[in-house]
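Written below as structure tokens is the structure these notes are about.
The values are calculated or read from the model by the stated rules, or taken from the named source; none is laboratory data. If you're wondering where the values come from, they're calculated on a predicted model, not measured in any experiment. All Cβ positions, even for glycine, are placed from backbone atoms using ideal geometry, and neighbour counts span all protein chains on display.
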Amino acid sequence: MKSEIKTAIIFGVVIVIGVGVLSMVFSSFDQVNTANVPIEGESMTRIDKSGFKTAPDIVGIAHYLNTTPEEITQEIDGKVVLYDIWTYSCINCIRTLPYITAWDDKYADQGLLIVGVHSPEFEFEKNPDNVQMAIDKHGINYPVVMDNEMETWKAFENRYWPRKYIADHEGYIRYDHIGEGAYQETEKIIQQLLQERATSLGIQPVSAETLVDIDEFEHSMFRTPESYFGYKFAQNRNQLGSQEGFQPGKIVSYSEPEKITLHNFYPVGDWKNNQDSMELVSKTGSIKLLYNAKEVNIVTENNAQLEILLDGEPLGQKYAGSDIAQDNTLNVSEPGLYNIISSDDSASHILEIKVDGQGFQIFTFTFG
């Protein structure tokens, strides 16, 4: 046989063998799994979780609402858990609740557990009766734990209201969101983690569903910042415009302001300066404020009747908040947040609140 023919035959055999080897190699590539893509037929997705933290234990709880210590420990195990750190007089927290309660209704049977971690900003928010009223008002059916000493807050290394952490069924924190918004993004994460759980447990996967459709509150681009009436809370964010200023622990007679500056508030009458609030000592008093926003809320405690004026005139229906009565008054009794101004457009106005009720306390103005 000529050497050229031998060479050609050998070369052909090498090609055939090479093709076969390459075919086997490429075939094996089909079984290589990337971090987030499951191999068909496998029972769970391989995800490298070395970079994720595990959710801390719930600790230092003063009261358990809608649950017990034993129940919540049992429920958390093996569930996708949304930890919602909130407090009931925080307007930013309240605006998120319709979404959270809707997710509870929609996904609780599919393996989602929502835990409301109620970490109070003010002393009255440590009262379980007050928190229970808020739970009833907002239709919260999921467990709420009262983190009165902020121990769970610290365990999460948190600094904000509201904040949402979502842990997968193995307890790894896979999502973290501060404040309002990102509702569609958050719900998609819930769906993804429920899918992972179903695959891991070998149960029927969660079918793709449409997202909760709720109109989101639109904030004013330029608005007055939150104003604190307590001298301790107002440190580094003092918006008390009165010349008398804060006088910790004292009863101060605040006079009518000669001029009013945007974003500043001005109490009139005898008010005691508390760490977290101002308390009306005289029978009547008032508060003036030049603000820019489309929504104004107040956080108060103790009984009083408030009359609301806007630019020196009785508050009309155009600007009346949801808690204002037909006669332009607001009767406050339960400690918490009240909406006094609500309008479609942001604008600057002089707000005056005339207070009739000795012992009335005001903690904050918040704006939208």
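In region 189-205, the count of residues that are more than 14 Å from the chain's Cα centre (by Cα), under 17 Å from ARG95 (Cα atoms) and not assigned by TED's automatic domain parsing to the domain that holds PRO267 is zero.
So, PRO257, is that one more than 25 Å from the chain's Cα centre (by Cα) and either surrounded by 20 or more Cβ atoms within 10 Å (Cβ to Cβ) or outside the structural domain of ALA320 (by TED's automatic domain parsing) (or both) or not? When the stated conditions are applied, PRO257 does not pass them.
Of the residues making up region 270-292, those that are touching a strand residue (DSSP E or B) at 6+ places or on another chain (Cβ under 6 Å) and surrounded by fewer than 18 Cβ atoms within 10 Å (Cβ to Cβ) number 6. The residues of region 201-238 that are assigned to a loop (DSSP other than H, G, I, E, B) and either in contact with a Leu (Cβ under 9 Å, 6 or more places away or on another chain) or of a type in the set (Phe, Trp, Tyr) (or both), listed by number, are PRO205, VAL206, PHE217, PHE222, THR224, PHE229, TYR231, PHE233, ALA234. When every residue of region 315-330 is checked against the conditions, at least one turns out to be assigned to a strand (DSSP E or B), touching a residue at least 24 places away in the same chain (Cβ under 8 Å), more than 28 Å from the chain's Cα centre (by Cα) and within 28 Å of ILE135 (Cβ to Cβ).
Residue-by-condition table, conditions (1) loosely packed, with under 10 Cβ neighbours inside 10 Å; (2) polar (S, T, N, Q); (3) at pLDDT below 90:
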site	(1), (2), (3)
ALA198	no, no, no
GLN204	yes, yes, yes
THR210	yes, yes, no
ALA234	no, no, no
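Once region 139-164 is narrowed to residues that are in a helix (DSSP H, G or I) and touching a residue at least 12 places away in the same chain (Cβ under 8 Å), the residue that is farthest from LYS53 (Cα to Cα) is GLU151. Only one of the numbered conditions (1) surrounded by fewer than 17 Cβ atoms within 10 Å (Cβ to Cβ); (2) not assigned by TED's automatic domain parsing to the domain that holds CYS93 is violated by GLU185, and that is (2). Restricting the first member to region 235-261 and to residues that are under 26 Å from ASP311 (Cβ atoms), and the second to residues that are loosely packed, with under 10 Cβ neighbours inside 10 Å, the beta-carbon pairs closer than 9 Å and six or more apart or on different chains are GLY241/LYS259; GLN243/GLU258. Evaluate region 309-321: report whether one residue or more is crowded, with 17+ Cβ neighbours inside 10 Å and among the charged types (D, E, K, R). No.
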